[in-house]
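Worksheet for the structure shown next.
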Amino acid sequence: MYVVATPIGNIFDISLRALHILSIAKCIFAEDTRQSRKLLDFYEIKSRMISCHEHNELSESVTTTLRSGELCALISDAGTPLVSDPGYRLVSWCIQNGIDVFPIPGACAPVAAVSAAGLPTDKFIFLGFPPSREKAKIAFLRDVKNVSATLVFLESPKRIADTLRHMQDVFGNRRCCICRELTKLFEEIKRGNLSELTEYFSRIDPIGEFTVVVAGCDKIIPDETQPYTLC
């Protein structure tokens with residue numbers, strides 16, 4: 001089975017090798033077959049698709065196809081499968097059952113954002129989506145406030161301003177880069193400190209998909225019971 005990265009926005013951001021594998025695959029496991037069909041149709045790829053999302057990763061149709069020995073590919077709606085997308089259970093099952101798994105690298109929103117953020121890239125940690133509930137979100141951020149590596153998050157437009165406000169409260173006024181709609185028509189990259197970006201996104205009605213890159217901590221922040229210290 002090949003784990004194939006697909007575009008995160010711009011339909012041309014796909015490798016020749018990825019297109020080759022998708023075209024010769026006997027079956028493509030797709031997170032949303034309707035969404036993936038647009039990509040396959042654009043490149044005139046006729047391979048059969050089977051729905052494979054977080055609720056049916058190990059369905060009989062998927063495992064039976066893999067056991068048949070056919071060359072298969074796994075794709076998500078956008079970007080690299082398993083990176084904040086389904087696929088972990090399926091890849092683990094393949095390994096446990098002696099089925100070879102090969103990566104076909106390509107577009108990945110967190111890596112794209114880090115490359116353009118202007119923040120240190122020697123160490124970075126991808127943390128996915130923060131919890132939606134306030135108490136859990138604050139605890140989540142406090143767990144990583146003393147990490148020296150650059151921090152990378154995903155966030156929804158409805159929660160971006162609130163999350164930035166909590167980041168400023170917990171982390172202090174660190175440098176930050178917000179990447180919205182990467183590689184798409186209305187791509188926007190804004191850099192500044194957390195207070196500036198919190199103010200900006202609090203007064204607009206943001207839309208699209210957000211990747212948030214925040215500078216790591218350069219010194220230990222005191223315990224939560226003490227006043228927050230600028231880092």
Over the stretch 10-45, the set of residues assigned to a loop (DSSP other than H, G, I, E, B) and on the phi < 0 side of the Ramachandran plot is N10, I11, F12, D13, I14, S15, A25, K26, E31, D32, Y43, I45
Looking for whichever is crowded, with 21+ Cβ neighbours inside 10 Å, among the β-branched types (V, I, T) and over 29 Å from L19 (Cα atoms) here; the options are T163, T121. Which one fits? T163
From the list V152, V101, exactly one residue is touching a helix residue (DSSP H, G or I) at 6+ places or on another chain (Cβ under 8 Å) and over 28 Å from D205 (Cα atoms). Which is it? V101
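For A73, are the conditions met, namely being within 27 Å of L22 (Cβ to Cβ), in contact with a Cys (Cβ under 9 Å, 6 or more places away or on another chain) and assigned by TED's automatic domain parsing to the domain that holds R175?
no
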Going through the stretch 131-146 one residue at a time, which ones are surrounded by fewer than 17 Cβ atoms within 10 Å (Cβ to Cβ) and farther than 17 Å from R159 by Cβ? R142, D143, N146
Kindly indicate the residue of the stretch 145-187 that is of a type in the set (D, E, K, R) and in contact (Cβ under 8 Å) with a residue 60 or more places away in the chain and also nearest to V214 (Cα to Cα) among those meeting that condition. K145
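Could you please let me know if S61 is over 18 Å from I21 (Cβ atoms) and in the same structural domain as F29 (by TED's automatic domain parsing)?
In short, yes.
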Could you run through the stretch 46-98 and say how many residues are in a helix (DSSP H, G or I) and within 30 Å of E209 (Cα to Cα)? 6
Are any of the residues in the stretch 38-56 under 29 Å from G128 (Cα atoms) and in contact (Cβ under 8 Å) with a residue 60 or more places away in the chain? no
Among the residues of the stretch 69-98 satisfying the criterion of being of a type in the set (S, T, N, Q) and modelled with pLDDT of 95 or more, which is surrounded by the fewest Cβ atoms within 10 Å (Cβ to Cβ)? Q96
Look at the stretch 23-34 and say how many of its residues are more than 20 Å from L90 (Cα to Cα) and surrounded by 13 or more Cβ atoms within 10 Å (Cβ to Cβ). 1
Looking at (1) over 21 Å from E54 (Cα atoms); (2) among the charged types (D, E, K, R); (3) touching a residue at least 40 places away in the same chain (Cβ under 8 Å), find the lone condition where D122 falls short. (3)
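Let's see how each residue does on (1) of a type outside the set (D, E); (2) within 20 Å of the chain's Cα centre (by Cα):
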residue	(1), (2)
D100	no, no
V114	yes, yes
L119	yes, yes
D122	no, yes
F129	yes, yes
I138	yes, no
I160	yes, yes
L164	yes, yes
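The values are calculated or read from the model by the stated rules, or taken from the named source; none is laboratory data. No experiment lies behind these values; they were computed from the predicted model shown. Backbone-built Cβ (ideal geometry, glycine too); neighbour counts: all protein chains shown.
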